[in-house]
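Each value in this text was obtained by applying a stated rule to the coordinates, not by laboratory testing. On a predicted model such as this, the values are computed, not experimentally measured, just so you know. Don't worry about glycine lacking a Cβ; one is built from the backbone with ideal geometry, like all the others, and counts go over all protein chains shown.
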Amino acid sequence: MVQLYGSLRSRALRPLWLLREMQAPHTWIPVIQAYRIADPSSALAPHNTASASFLAINPMGQVPALVDGDLLLSESMAITLHLARKFGGPRAPAGAAEDALTLQWAFLGVSAVEKPALDILMTHHQGDPASPQGQATIAAARAALQRPFARIDAHLRAHDWLLGARFTVADILLAECVRFAIDDAALFKAFPALTRWLTTARARPVFTALWDERNAEPLSFP
Ligand SMILES: N[C@@H](CCC(=O)N[C@@H](CS)C(=O)NCC(=O)O)C(=O)O
C-alpha cells in the first residue's frame, strides 16, 4: 500500500485529491510543516517536517512525500503523476499523447503559475493587500499570470477539461496551482473559461469533502 506523507494545508492536497478520485488504496500519514509548530522538537509536537523519521523519507524536509515499496518520492507533481500511472483508469492519461499533454499542463503550472499565484495567496493571508507593498506584489503577480491564464482560458473555451471531455490528473495539478490566486477575484474576471473550469473542478464531491477537512486542520500547533 502506498504511504502518502503530508498536511492538508500543503501541496499534499494534489496527490491526495487524485488518490481519492481514483479510490486508490493508500495510507495517509499526517506530517505538519515544522514552521507551523511552536516547538517542533517537543515530545508533544505532532509528526513534522523536521522529525528525524520524516527527514529519512524526504531529506528536503518538505511535504508531500510518498513511499511506494522501495521507491521514496518527493515533489508533489512527480508523486501525483506517478500515482496516476500506477493506478490508471479514467483520471490517468491514456497513451503517449495524453501523457505529453498532462506534462505540458503540469509544467505550465509549476513554471508559470505557481510562484505568482502563491505571491497573491501570501499577500492576502500573511501580508496586507491594501498596503503599497501588497499592491505592488499583487500587480506584479497579476502581470505575470496574464499570459499563462490567457493560454489556459483559450484552451478551456473549446474544452470542458484540459485533456478534453474528462476530468484528469492534469486538471488536479493545474487547478491546485491556479487556486493559490483565488483571493484575487478581479484577476479572474478576464478569464471566464478558466474560472468556470476551476469552479467546476472544485465543486466535485471528492474535492469539497477534502477542502472541508483541509479547512478543519488547525493553522498552527503548540
Ligand atoms: N516543489 C515542492 C514544494 C514542497 C513544499 O514547499 N512543501 C511545503 C508545504 S506546501 C513544505 O513542506 N514546507 C516546509 C518547509 O519548507 O520547511 C513540491 O511541489 O512538492
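Residues whose amide H falls under 5 Å from that of residue 37, counting only those 5 or more places apart or on a different chain, are 221, with hydrogens built in the peptide plane. The HN-Hα couplings worked out from phi for region 198-214 by the Karplus form 6.51 cos²θ - 1.76 cosθ + 1.60 (θ = phi - 60°) are 5, 5, 5, 4, 6, 8, 4, x, 4, 6, 4, 5, 5, 5, 4, 5, 4 Hz, whole numbers, x standing for Gly and Pro.
Secondary-structure-derived ellipticity at 222 nm for the chain, considering helices only, amounts to -16000 deg cm²/dmol, per-run term -39500 (n - 2.57) for DSSP H runs with n ≥ 4. Take the Cα coordinates of region 95-204, assign each an equal point scatterer, and use the Debye formula without solvent to give log10 I(q)/I(0) at q = 0.11, 0.14, 0.20 Å⁻¹. Here the Debye-derived log intensity ratios amount to -0.34, -0.53, -1.00. What FRET efficiency comes out for the pair residue 41/residue 97, r = Cβ-Cβ distance, R0 = 35 Å, nearest 0.05? Computed FRET efficiency for residue 41 and residue 97 comes out at 0.10. Can you give the percent of C-alpha pairs in region 2-90 whose distance is more than 17 Å? Counting every Cα pair in region 2-90, those more than 17 Å apart make up 44 percent. Phi angles of region 145-157 translate, via the Karplus equation with coefficients 6.51, -1.76, 1.60 and θ = phi - 60°, into HN-Hα couplings of 8, 4, 5, x, 5, 5, 4, 5, 4, 4, 5, 7, 5 Hz per residue; Gly and Pro are given as x.
Histogrammed with a bin width of 10 Å, the alpha carbon distances of the chain distribute as 8, 31, 36, 21, 4, 0 percent, first bin at zero. Entry note, region 2-90: relative contact order of 33 percent, from Cα contacts under 8 Å with a spacing of 6+ residues. In terms of surrounding Cβ atoms within a 10 Å radius of their Cβ, 208, 200 rank from fewest to most as 208, 200. Each Lys and Arg Cβ is given +1 and each Asp and Glu Cβ -1; about its Cα centre, region 95-204 then shows a dipole of about 260 debye. If a spin label sat at a point 7 angstrom from the Cα of residue 139 along the line to its beta carbon, no backbone N atom of region 96-120 would be nearer than 15 Å. With θ taken as phi - 60° and the Karplus curve 6.51 cos²θ - 1.76 cosθ + 1.60 applied, the whole-hertz 3J(HN,Hα) list for region 10-23 is 6, 5, 5, 4, 4, x, 5, 4, 5, 4, 6, 4, 7, 6 Hz, x standing for glycine and proline. Rounded if a/c is under 1.5, else prolate if a/b beats b/c, else oblate: with a ≥ b ≥ c from the C-alpha gyration tensor eigenvalues square-rooted, which is region 49-140? The shape class here is oblate.
Amide H to amide H distances under 5 Å link residue 12 with 7, where only residues 5 or more positions off or on other chains count and H is placed in the peptide plane. The modelled label-to-label distance between residue 104 and residue 9, using points 7 Å beyond Cα along the C-beta direction, is 3.7 nm. With a ≥ b ≥ c the root eigenvalues of the C-alpha gyration tensor of region 150-219, is it rounded (a/c under 1.5), prolate (a/b larger than b/c) or oblate? The shape class here is oblate.
Note on residue 183 and residue 217: the model spin-label points, each 7 Å out from Cα along the C-beta direction, lie 1.8 nm apart.
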